[in-house]
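A short worksheet on the structure shown next.
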Amino acid sequence: MYEGAVQDLIDELGRLPGIGPKSAQRIAFHVLEADAEDMMRLADAIRTVKDKVKHCSICFNVSEQETCSICRDERRDRAQICVVEESKDVMAIERTRTFRGRYHVLGGSINPIAGIGPDQLHIRELLTRLQNAEIEEVILATDPNLEGEATATYLARMLGSTGLKVTRLASGLPVGGDLEYADEVTLGRAFEGRRNVAG
């Protein structure tokens, strides 16, 4: 254990996802040894993102404005909504340049062990959006892991009676993986080969 501020920094860094105790210590000492101006820029960037960035009032993607750039884009196909778990998944799909519809970010996946049920996700808002007559297809693009599959199954059952076409991304994505780590080709193929899961 280190003294005061150094240990506090290590502890805070260790709370970040994917950062273990050794990585936290390495980053903390990098911060100590780095140029003060560079670290102030980093601190300012963190402060700015916390002050300015919020969630889109329509799809819940991250945005600095009331609505995100995708929801504001009139060229996007209003007939398709792609349902994803997190905003980072939107960017992963956008990199494929395959999908030209709109998105809905759930804010996570169903995970009873972590105490996350359907009520903690943006499912109610999705159902409200689906009352729009322009929407024809809902694409379920949750992660191909246990929680993502449970979420997709729940949504497929719920949407089965809506009369909408409900599809799920095809195989090609590794089971147990996250969308954000899939390469563009794999994700693009999975998108093109999505299948009907309800109705």
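The values are calculated or read from the model by the stated rules, or taken from the named source; none is laboratory data. If you're wondering where the values come from, they're calculated on a predicted model, not measured in any experiment. Here Cβ is always computed from backbone atoms with ideal geometry, including for glycine, and neighbour counts include all displayed protein chains.
Each residue in segment 131-154 was checked for being farther than 23 Å from Glu180 by Cβ and crowded, with 18+ Cβ neighbours inside 10 Å, and 1 pass.
In this structure, is Ile10 in a helix (DSSP H, G or I), β-branched (Val, Ile, Thr) and surrounded by 11 or more Cβ atoms within 10 Å (Cβ to Cβ)? The answer is yes for Ile10. Among the conditions (1) over 18 Å from His104 (Cα atoms); (2) out of contact with any helix residue (DSSP H, G or I) (no Cβ under 6 Å at 6 or more places or on another chain), Leu155 misses just one, which is (1). Within the option set Val84, Val31, Val90, being out of contact with any Asp or Glu (no Cβ under 8 Å at 6 or more places or on another chain), surrounded by 14 or more Cβ atoms within 10 Å (Cβ to Cβ), of a type in the set (Val, Ile, Thr) and not assigned by TED's automatic domain parsing to the domain that holds Met158 holds for one residue only, Val31.
Applying the set (1) without any contact (Cβ under 8 Å) to a residue 60 or more places away in the chain; (2) surrounded by 18 or more Cβ atoms within 10 Å (Cβ to Cβ); (3) touching a strand residue (DSSP E or B) at 6+ places or on another chain (Cβ under 7 Å) to Ala170 leaves exactly one unmet item: (2). Among the residues of segment 34-43, the one identified as surrounded by fewer than 10 Cβ atoms within 10 Å (Cβ to Cβ) and either among the aliphatic types (A, V, I, L, M) or assigned by TED's automatic domain parsing to the domain that holds Val84 (or both) is Ala36. Within segment 179-198, the set of residues being free of Cβ contacts under 8 Å to residues at least 40 places away in the same chain and either under 18 Å from Glu137 (Cβ atoms) or not in a helix (DSSP H, G or I) (or both) comprises Asp183, Ala190, Gly193, Arg195, Asn196. Restricting the first member to segment 40-65 and to residues that are under 18 Å from Glu85 (Cβ atoms) and assigned to a strand (DSSP E or B), and the second to residues that are of a type in the set (D, E, K, R) and at pLDDT 95 or above, the beta-carbon pairs closer than 8 Å and six or more apart or on different chains are Val62/Lys54; Ser63/Lys54. Given the condition out of contact with any Cys (no Cβ under 7 Å at 6 or more places or on another chain), in contact (Cβ under 8 Å) with a residue 40 or more places away in the chain and not assigned by TED's automatic domain parsing to the domain that holds Thr142, answer yes or no: does some residue in segment 7-25 qualify? No - not one qualifying residue is present in segment 7-25.
When the residues of segment 44-63 are filtered to those that are of a type in the set (Gly, Ala, Ser) and surrounded by 11 or more Cβ atoms within 10 Å (Cβ to Cβ), the one that is nearest to Thr128 (Cα to Cα) is Ser57.
When segment 13-39 is filtered for residues that are within 24 Å of the chain's Cα centre (by Cα) and in a helix (DSSP H, G or I), the ones remaining, listed by number, are Leu13, Gly14.
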